[in-house]
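Take a look at the structure set out below.
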Amino acid sequence: MGNVQPRWFSARPNGAVRDFFDLFEEASDALSDIARELPRTTGPLPQSDVDREVAESRERLRRARAGDWRPYEERLRSLGATYARAGMAFSAWHSISYRFYESMVTRAVAAFAGEPARLTQVLLVVGEYTERSLSIIADHYYAAKDKLQREAAARIEILSTTGHEFAAASGDTDTQRLLGLVARRLGEVIGDGCAVRLISDDGAWLEPSRSFYHRDLASRDLANRVLATERQRVGEGLAGRVAATGEPVLIPRIDTEQLLAATAPQFGAMLRQLGVTSALAIPLRSRGRTIGAISLLRTRPDDPYTLEDQYLAQDLADRAGLAIDNAVLVGTLEQRVAERTAALETSNRELEAFSYSVSHDLRTPLRAIDGFSRALLADFDHKLDERGRHYLHRTRSATQRMSALIDDLLELARITRLAIRREPVDLSAIANDVIADLRRRDPARTVWVHIAAGLVAFADARLVHIVIENLLGNAWKFTAKHERAEIWFDAVGPTFHVRDTGVGFDMTYAEKLFSPFQRLHAARDYDGTGVGLAIVHRIVGHHGGRIWAEAEVDKGATFFFTLGDPA
Amino acid sequence: MMEQHVILLVEDNDDDAELTARAFAQAKIGNPMVRVSDGVEALDYLFARGAYGSRDKRALPLMVLLDLKLPRLDGLDVLKAIRANDLTRFLPVVMLTSSDHDRDRLAAYHNHVNSYVKKPVDYDQFVEAARQLGLYWILLNLAPPAPK
């Protein structure tokens, strides 16, 4: 390595080497001009103080002349690595070396024009020097380049996996958990401690957070105890300043006293205990806004943060920012949905209370009207004439009708609130039961009924029963005045239908069919409250299905429905 | 013949009270009917308190017809108080109400109601309900043995 004295020149006469050094020293001023030109010819390079470098160069030359090439080699190695990191192409070194070689040749020719043998020896030394220098630079240039590429690949790998991880977690509405994940990954990748905090809605504070990560559990607990309760004013302290400006702050070396002076007082004791040696604060950004700040701190004095760390941290923070922003948004939405749901539940409860009192309070006076009408008929029959009795009967049938209306309205309200419980339902069996019941209640009618066998659906049995009861009941009712009453219940694919040969209706009014209290026939001709189809409509809608009808006046009607059967 | 047991009717609505009395009379149930208008008064009657302080509280009604929605103390609370007291623990209580709400029915049965009858709007049906109630609770049902 460096302390082994390299044989820089292969068996060159000492005189030639001395001549070379003499020429080199003379050329130093000219070489400094080349150095001054470098930034222009090679693109962006690390800033350097050219005058100081020339002075250092003379010192290295002096030691090389004394046989100690180590400073020179060290310099060449570091140049190779530095220029590789700066992104300079290796071909630039060729042109620099060539210009050096050219200027040395010119000087040698001028100095030893009359001594061809001496000139030859010096030129051989210059050539050998140039090639050795270039090969040392090349070794370290490519080694550094290789290391950079491996680092870049590793960084891309980290960015990719961590980015995917953050993106996957952005559905998590537990924002604190997501902040914890981000802090953990940054703490693992960049080290050592990391906290992620969000700016409050009013923009004035960095909110408390339990996100702090440090591989040392005791440090983690210590910091989280403080961070979970203490907020930090935006604009104050390191993270606060970053939150205010949106610009990262890197402090490679910091002693605790400096850090205490730079941070908000509530965190002083904690930072002192953690033993912070290097600090980095990164803005957390999303959609062009700064939404928070990431505080990174190292607790190893020999390993300060570098610009590389800052860039990597910023890249990770940008990935995290979007995920966190999404999570906050989703969380806000979910909270809003929860609030709406709560409001809906409240209004549902109020509605329930309302329909409850409707059922109770509206029935009571009805009962009185009916009861006292009946009492009149019973006790004062002898004092009433035919018309008087007729009026009382009308009164009583009106109260019965209103009672039926109240019952149906309550049913309608009840069904709206019911949760669907799906199970396999035998619709054919239900239809047969319903028809049997209709026949029992109305034995005088002759109706031909055709119910297809094996009609099944995955639906709520009680609710489907109400649907079939209503549709078949209507078919039964509206065929009453027709000579040949016939009813079909069948299905085509997932669409069930009830068809009849009854009075039908004018399709112009088909829209009104499913609204409550809409009747397409006079109550005088066909009884009913006009709520039945509205109930059916709600049940079908509740199942995610659809209902519609086709009809023609005096030619019958067909009602089609689906039940949103997921099977 | 022993003194005729009364039927206690707890009903705040005068119309309903009158019609109920009439329905029981029409159903030929001869037991006198005592009517109170709210839950507090019902308990006062049963436990011989307040305005009913002079009543012998051991003379229990034959049955209680209890409305659910009552001023002050509601029907459910009256039922709970009846079941919580040793004297009235086994007293037949029939909920007679306009509500057939699931929750009300469940709450009544949870508190050991004997029957739950929805007052029909149709008066004729009401008379029939009264007749069956009287028949069952007065003639058919055997009361628990009296404490020794």
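Exactly one condition in (1) farther than 30 Å from A:Ser403 by Cα; (2) surrounded by fewer than 13 Cβ atoms within 10 Å (Cβ to Cβ) is false for A:Ala327; which is it?
Of (1) farther than 30 Å from A:Ser403 by Cα; (2) surrounded by fewer than 13 Cβ atoms within 10 Å (Cβ to Cβ), only one is false for A:Ala327: (2).
Pairs under 7 Å by beta carbon, first residue on the phi < 0 side of the Ramachandran plot in the range A:152-175, partner surrounded by fewer than 17 Cβ atoms within 10 Å (Cβ to Cβ), six or more apart or different chains?
A:Gly171/A:Val330; A:Thr173/A:Val330; A:Thr173/A:Gly331; A:Thr173/A:Glu334; A:Thr175/A:Gly331
Going residue by residue through the range B:110-129, is there one that turns out to be among the hydrophobic types (A, V, I, L, M, F, W, C), surrounded by fewer than 21 Cβ atoms within 10 Å (Cβ to Cβ), within 18 Å of B:Ala42 (Cβ to Cβ) and within 14 Å of another protein chain (Cβ to nearest Cβ)?
Yes, because at least one residue in the range B:110-129 is among the hydrophobic types (A, V, I, L, M, F, W, C), surrounded by fewer than 21 Cβ atoms within 10 Å (Cβ to Cβ), within 18 Å of B:Ala42 (Cβ to Cβ) and within 14 Å of another protein chain (Cβ to nearest Cβ).
For the range A:534-565, give me each residue that is of a type in the set (A, V, I, L, M) and within 11 Å of A:Thr495 (Cα to Cα). Steps first, answer last, please.
Going through the range A:534-565, the residues of a type in the set (A, V, I, L, M) turn out to be A:534-536, A:539-540, A:547, A:549, A:551, A:553, A:557, A:563.
A:Ile547, A:Leu563 - these are the residues of the range A:534-565 that are of a type in the set (A, V, I, L, M) and within 11 Å of A:Thr495 (Cα to Cα).
Answer with yes or no whether B:Thr20 is in contact (Cβ under 8 Å) with a residue 40 or more places away in the chain, buried (at least 18 other Cβ atoms within 10 Å of the Cβ) and within 14 Å of another protein chain (Cβ to nearest Cβ).
In short, yes.
Kindly indicate whether A:Leu198 is assigned by TED's automatic domain parsing to the domain that holds A:Arg300, in contact (Cβ under 8 Å) with a residue 12 or more places away in the chain, within 15 Å of A:Leu322 (Cα to Cα) and assigned to a strand (DSSP E or B).
In short, yes.
Here are A:Leu159, A:Leu134, A:Leu76, A:Leu124: which of them is surrounded by 14 or more Cβ atoms within 10 Å (Cβ to Cβ) and outside the structural domain of A:Gly15 (by TED's automatic domain parsing)?
Working: A:Leu134 fails: outside the structural domain of A:Gly15 (by TED's automatic domain parsing); A:Leu76 fails: outside the structural domain of A:Gly15 (by TED's automatic domain parsing); A:Leu124 fails: outside the structural domain of A:Gly15 (by TED's automatic domain parsing).
Going through A:Leu159, A:Leu134, A:Leu76, A:Leu124 in turn, the sole match is A:Leu159.
Check whether at least one residue in the range B:83-97 is among the acidic types (Asp, Glu) and outside any loop (DSSP other than H, G, I, E, B), and report yes or no.
No, that holds for no residue.
Assess whether A:Arg389 counts as being within 11 Å of chain B (Cβ to nearest Cβ), in a helix (DSSP H, G or I), over 18 Å from B:Ala25 (Cα atoms) and touching a residue at least 12 places away in the same chain (Cβ under 8 Å). Break it down stepwise before answering.
Values: within 11 Å of chain B (Cβ to nearest Cβ): no; in a helix (DSSP H, G or I): yes; over 18 Å from B:Ala25 (Cα atoms): yes; touching a residue at least 12 places away in the same chain (Cβ under 8 Å): yes.
It is false that A:Arg389 is within 11 Å of chain B (Cβ to nearest Cβ), in a helix (DSSP H, G or I), over 18 Å from B:Ala25 (Cα atoms) and touching a residue at least 12 places away in the same chain (Cβ under 8 Å).
Would you check if there is a residue in the range A:220-236 being farther than 17 Å from A:Ser286 by Cα, in contact with a Gly (Cβ under 7 Å, 6 or more places away or on another chain) and surrounded by fewer than 20 Cβ atoms within 10 Å (Cβ to Cβ)?
Looking through the range A:220-236, at least one residue is farther than 17 Å from A:Ser286 by Cα, in contact with a Gly (Cβ under 7 Å, 6 or more places away or on another chain) and surrounded by fewer than 20 Cβ atoms within 10 Å (Cβ to Cβ).
Return the residue satisfying two criteria in turn: it lies in the range A:188-200 and is of a type outside the set (Lys, Arg) and at pLDDT 90 or above, and of such residues it is nearest to A:Ala244 (Cα to Cα).
By that ranking, first place goes to A:Ile199.
If I ask for residues that are touching a Pro at 6+ places or on another chain (Cβ under 8 Å) and within 8 Å of chain A (Cβ to nearest Cβ), which ones from the range B:8-17 would you list?
Matches in the range B:8-17: B:Asp15 only.
Let me spell it out: the conditions are (1) at pLDDT 90 or above; (2) of a type outside the set (Phe, Trp, Tyr); (3) surrounded by 18 or more Cβ atoms within 10 Å (Cβ to Cβ); (4) touching a helix residue (DSSP H, G or I) at 6+ places or on another chain (Cβ under 8 Å), and A:Thr263 meets all of them except one. Which number is the exception?
(1) is the only condition that A:Thr263 fails.
Can you name the condition, by its number, that A:Ala368 falls short on among (1) farther than 26 Å from B:Met95 by Cβ; (2) hydrophobic (A, V, I, L, M, F, W, C); (3) facing chain B (nearest Cβ under 9 Å)?
For A:Ala368, the failing item is (1).
Residues in the range A:266-274: is at least one crowded, with 22+ Cβ neighbours inside 10 Å, outside any strand (DSSP E or B), of a type outside the set (A, V, I, L, M, F, W, C) and over 26 Å from the mean Cα position of the chain (by Cα)?
Checked the range A:266-274: no residue is crowded, with 22+ Cβ neighbours inside 10 Å, outside any strand (DSSP E or B), of a type outside the set (A, V, I, L, M, F, W, C) and over 26 Å from the mean Cα position of the chain (by Cα).
Taking the range A:208-219 only, how many residues are touching an Asp or Glu at 6+ places or on another chain (Cβ under 7 Å) and either crowded, with 21+ Cβ neighbours inside 10 Å or outside the structural domain of A:Thr175 (by TED's automatic domain parsing) (or both)?
1
Can you name every residue in the range A:452-485 that is aliphatic (A, V, I, L, M), under 20 Å from A:Ala557 (Cα atoms), in contact with a Gly (Cβ under 9 Å, 6 or more places away or on another chain) and not in a helix (DSSP H, G or I)?
A:Ala480, A:Ala485
B:Arg105 passes all but one of (1) away from chain A (no Cβ under 14 Å); (2) assigned to a helix (DSSP H, G or I); (3) closer than 30 Å to A:Ile369 by Cβ; which number fails?
Condition not satisfied by B:Arg105: (1).
Among residues belonging to the range A:326-358 that are of a type in the set (Asp, Glu) and modelled with pLDDT under 85, point out the one that is nearest to the chain's Cα centre (by Cα). Write out each step before concluding.
From the range A:326-358, those of a type in the set (Asp, Glu) are A:334, A:339, A:345, A:350, A:352; that's our starting set.
If we keep only those that are modelled with pLDDT under 85 as well, we get A:334, A:345, A:350, A:352.
Details: A:Glu334: 13, A:Glu345: 29, A:Glu350: 37, A:Glu352: 38 Å.
It comes out as A:Glu334.
The values are calculated or read from the model by the stated rules, or taken from the named source; none is laboratory data. Everything numeric in this text was worked out from a predicted model, so none of it was measured. Because the Cβ atoms are built from the backbone with ideal geometry, glycine has one as well, and the counts that use them run over all protein chains shown.
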